[in-house]
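Here is the structure we will look at.
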Amino acid sequence: MIKGSTEAEVLEKAEKQLEIWARKEERERKKAALADLQQQFEEDSAELANRIASYQKILMHTLSIDDRIDWEKNKMPLTFGKTINKADYFRDVPNESILELIFFWKKNKRLQMLQAAEQRYAVAQQEYNKEKNEYDASAKEYNQELDQFKAAFESGDEEAVIEYVTKVLNDSEYLPDMVRDYEISYNKDLKALLIDYYLPSPDDVPNTKELKFVKTAKEIRDVPFKKAEFDEFYNGIIAQMTLRTIHEIFESVYTNAVETVVFNGKVEAIDKATGQSIEPCIISLMTYREKFVNINLDKVDPIACLDNLEANMVLPFSKLKSVVEIGTTE
């Protein structure tokens with residue numbers, strides 16, 4: 001309540017009070033906006049940290065996973081999953097009553113409802129049988145094809161080996177935004193698999209290492225990697241993806257079909273000097289099952305491991321320096 005000796009005095013005090021309230025409201029609004037920005041900063045920082053950590057654990061992620069295809073798990077169940085309950089269609093049909101001897105309309109109504117329920121059930125049963133028969137036939141055909149694929153793979157059929165390894169690599173879980181693709185060829189006589197693997201370019205991976213909340217400017221700013229930091233980060237990504245891919249191939253191919261893997265890691269990028277598209281092979285190596293499976297991958301330094309495997313590479317990988325590709329499966 002605002003009091004004054006005159007109307008003019010009351011109006012003046014009221015205007016001042018409104019100004020006070022307006023300034024207070026503005027301060028509260030700014031305070032709330034700053035709190036919202038702080039919360040966004042914390043959420044975005046946590047998301048970025050998790051993303052960076054995922055890139056740094058590319059190799060570790062796969063070591064606890066059995067990369068072999070589980071043939072039985074991939075089969076369609078032979079038991080049709082749906083059922084039909086006859087009682088559901090007759091739930092609203094009343095039971096026969098002694099009153100029907102007196103009130104014939106009750107009996108007629110019950111019989112009409114019974115007939116309608118029987119018709120609905122007959123239609124539903126027919127549709128159910130059709131769907132079940134189609135499923136049974138589809139499951140049988142799919143499982144037979146899977147068994148044939150398994151037999152072809154285990155016999156070393158070249159197309160089956162390529163298809164098997166492709167499925168294994170496709171099923172390998174990476175970050176959703178990670179660029180990767182591959183072309184596979186296989187030589188049964190040499191028991192050698194060659195993979196041209198298209199790796200992410202430096203522009204495809206994060207260049208922000210953390211976020212900074214600047215209260216005075218009321219904004220969130222990116223803190224980029226220093227050049228040496230980014231080179232180390234990108235080196236780790238390429239090295240881990242190389243080792244992980246070879247590991248997944250050797251572990252998943254449980255037969256003796258693949259004893260040698262040739263890995264050529266390529267990058268699709270733009271030459272900063274010419275603006276032209278380039279596709280350098282930045283890492284190439286050939287390794288053998290007997291040697292590779294004895295490496296304790298959860299304890300190695302990825303770059304040192306590649307060096308020990310005599311990989312052709314020029315560091316840092318961010319230079320996109322093309323190296324000589326090792327051999328072929330021809």
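The values are calculated or read from the model by the stated rules, or taken from the named source; none is laboratory data. Note that the structure is predicted; figures quoted are calculated from it, not measured. All Cβ positions, even for glycine, are placed from backbone atoms using ideal geometry, and neighbour counts span all protein chains on display. For the accessible areas, the whole protein counts, side chains as well, though only heavy atoms, and no ligand, DNA or RNA atoms are used. Shrake-Rupley method; radii C 1.70, N 1.55, O 1.52, S 1.80 Å.
A few points about this structure:
- The residues neighbouring Thr287, those whose beta-carbon lies less than 15 Å from its own, together hold a net charge of -3 under the Lys/Arg +1, Asp/Glu -1 convention.
- Working from label points 7 Å from Cα in the Cα-to-Cβ sense, the Gln119 to Leu37 distance is 7.1 nm.
- Ordering of 149-156, 192-199, 73-80, 169-176 by burial proxy (mean other Cβ atoms within 10 Å per residue, highest first): 192-199, 149-156, 169-176, 73-80
- With both labels modelled 7 Å from their Cα along Cα-to-Cβ, the Ala151 to Glu232 distance reads 5.6 nm.
- The length gained on full extension between Val223 and Leu111, counted as 0.36 nm times the residue separation minus their Cα-Cα distance, comes to 32.4 nm.
- Cβ crowding within 10 Å averaged over residues, with 58-69, 230-241 ranked highest first: 230-241, 58-69
- Average projection area in nm² (convex hull over Cα atoms of the chain, one quarter of hull surface): 38.8
- Portion, in percent, of the accessible area of the chain that falls on carbon or sulfur, probe 1.4 Å: 50
- Built amide H within the under 5 Å cut-off of Tyr182, gap 5+: Tyr198
- Averaged over residues, the count of other Cβ atoms within 10 Å places the peptides 157-163, 84-90 in the sequence 157-163, 84-90, highest first.
- For the chain, the Cβ-based charge dipole about the Cα centre amounts to some 1600 debye (Lys, Arg positive; Asp, Glu negative; other atoms uncharged).
- Flagged links, alpha-carbon separation over 26 Å, of Lys75/Lys132; Lys226/Lys291; Lys57/Lys227; Lys150/Lys266; Lys73/Lys299: Lys226/Lys291; Lys150/Lys266; Lys73/Lys299
- Kirkwood Rh and Cα Rg combined as Rg over Rh, evaluated for segment 218-262: 1.34
- Segment 192-330: translational diffusion in µm²/s, Stokes-Einstein, Kirkwood Rh over Cα pairs, 4 °C, 1.567 mPa s: 78
- With the largest listed first and rounded to whole Å, the semi-axes of the equivalent ellipsoid of segment 163-258 from the Cα gyration tensor are 39, 13, 10.
- Using alpha carbons only, the radius of gyration of segment 18-90 set against its Kirkwood radius gives Rg/Rh = 1.46.
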